[in-house]
1. Pop out the Kirkwood hydrodynamic radius of segment 124-169 from its pairwise C-alpha distances, inverse of mean 1/r, in Å to one decimal.
2. Can you give the accessible area per residue of the chain, in Å², using a 1.4 Å probe?
3. In whole percent, and with a 1.4 Å probe on the protein chains, what portion of the accessible area of segment 77-213 is carbon and sulfur?
4. Using each residue's phi in segment 83-99, evaluate 6.51 cos²θ - 1.76 cosθ + 1.60 at θ = phi - 60° and report the 3J(HN,Hα) Karplus result to the nearest Hz, with x for Gly and Pro.
5. Please give me the summed charge of the neighbours of Tyr73: other residues whose Cβ is under 15 Å from its Cβ, Lys and Arg +1, Asp and Glu -1.
6. Taking Cα centroids, how far is segment 66-129 from segment 171-211 in Å?
7. Quick one: what Rg and Dmax do you get for segment 67-158 from the alpha carbons, in Å?
8. Mind counting lysine pairs for me in the chain? Cα separation below 19 Å, and the two need to be 8 or more apart along the chain or on different chains.
Amino acid sequence: MRKKLIAANWKMNGGLEVNRALVEAVCQGGSDLSSEVVLCVPFPYLGQVGALLQGSTITLGAQNSSEFESGAYTGEVSAGMVAEFGCSHVILGHSERRTLFGESDGQVAGKVLQALAAGLRPIVCTGECEAARLEGRTTQVVSRQLAAVLEAVPDDACAAMVVAYEPIWAIGTGLSASPEQAQAVHRQIRALLKDRFGAAAELVQILYGGSVKAANASALFAMPDIDGGLIGGASLLADDFLAICAAGDLVT
Ligand code: PGA
């Protein structure tokens, strides 16, 4: 049985004061959740948020890490560094990294390998742009993005992996995919995972992301292959985020 996973993606938001208030409120309101909850915060706040999460079942995550292990890569942050700060998960290949910073499928695969080697659980992001959806190329795009990772990872990677489906047209737009639209892609992702890992693929959490809100979370999370959410905007407001976590619990 897969547990629901609700991952907050703060993106480039936060500050020492607002972080404290947000994390304290989430910890307080989320103390008896049965879903897994992870807060993926900007690098400079890993120490602060990690300390605030001490004693909580909510875990810490990062939003990126390098495809290189260490060395002369100015400005990069390694998976080992992220792990040293106590992170359980790292978001990799988010569409904003792919489109704004030119991350290729191959780079994302390299990042996933480094994250796995550091003992992190990568949240591998996939998703098509609006034009691809309209042209009927959703399956092709998501398969290509995922194949690059699945070809690179070792056979025993399955237990650590999380996959996210985030249609770009749904991110930050208020226009979520319908539960049926999302489920269709999640089922396809599960099939690709089964081709690579066999029966163990049944245990991989596949998250939906893109305008998840309290109002649509329950319907999305009730679909058979939607195992939780990757939450952007709504993760910055404690009440909204907690309501989404509670929706995860309802269908767990
Ligand atoms: P959103 O972002 O919830 O604000 O749409 C999701 C994401 O980009 O991970």
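The values are calculated or read from the model by the stated rules, or taken from the named source; none is laboratory data. A quick note: this is a predicted structure, and the numbers were derived from the prediction, not measured. Cβ: placed from backbone, ideal geometry, glycine included. Neighbour counts: every protein chain shown. Surface areas here come from the heavy atoms of the whole protein model, side chains and all, with no ligands, DNA or RNA. Shrake-Rupley method; radii C 1.70, N 1.55, O 1.52, S 1.80 Å.
1. Numbers: mean 1/r = 0.0883 Å⁻¹.
Evaluated on segment 124-169, it is 11.3 Å.
2. Values: 10820 Å² over 252 residues.
Heavy-atom accessible area per residue stands at 43 Å².
3. Values: 3150 of 5510 Å².
Within segment 77-213, the accessible surface is 57 percent carbon and sulfur.
4. Along segment 83-99, the couplings run 5, 4, 7, x, 5, 8, 10, 9, 6, 10, x, 4, 4, 5, 6, 5, 8 Hz.
5. Numbers: positive: Lys111; negative: Glu67, Glu69, Glu76, Glu103.
Residues close to Tyr73 contribute a combined charge of -3.
6. Taking the Cα centre of segment 171-211 as reference, the centre of segment 66-129 is 20 Å away.
7. Rg then Dmax for segment 67-158, in Å: 14.0, 43.
8. Numbers: Lys3/Lys194; Lys4/Lys213; Lys11/Lys111; Lys11/Lys213.
Within the chain, the lysine pair count is 4.
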